[in-house]
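For reference, the structure I am asking about is given below.
The values are calculated or read from the model by the stated rules, or taken from the named source; none is laboratory data. Computed from a predicted structure; not experimentally measured. Backbone-built Cβ (ideal geometry, glycine too); neighbour counts: all protein chains shown.
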Amino acid sequence: MKKNPLVIDLRQQLPLHKRYVSNTTTLLLWGSWLLLWRPIVIVIGLIYAHQINLLNRVLETFSSVIENGFTALVACAITLWMWSTFVSPKSKSQAEQKKVEEYAKYFGLHQKHLEETRQQKVVYVHHNREGKITHLN
């Protein structure tokens, strides 16, 4: 058994009342999920009780819908693959990389401070009410 499993299971460390709430919540969610299927089960039961032929029609329609949906999905995947492979994308012109001096001048910041903050992993940008950058941390 692994020492550090991917699934964190601390259930035994929870107090009894929290485990009880967790179990009850899980039971209620499963019950509500099953109640969502109740109308479909009732309709299928009524169809089966009254006309078996109608049930066969419903199942045939369902199978044809599944088959057509699968065919459409495969056709869409093949079309997208062919489009991405064979249609040459129009080359987009690369945006010109601006220099640090231009950014510093535009935002009104010191060039040295801007270069230092670009090397950091986390930078806090402070704005005034108009949205203009006031300073960087």
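Name the helices (runs of 4 or more DSSP H) wholly within region 1-107 that hold at least 1 residues that are touching a Leu at 6+ places or on another chain (Cβ under 6 Å) and modelled with pLDDT of 75 or more?
Fully inside region 1-107 and qualifying: 100-107.
What pairs can you find where one residue is in region 16-44 and at negative phi, the other is charged (D, E, K, R) and part of a helix (DSSP H, G or I), and their Cβ atoms are less than 9 Å apart, with a gap of 6+ or different chains?
Arg19/Arg11; Ser22/Arg11
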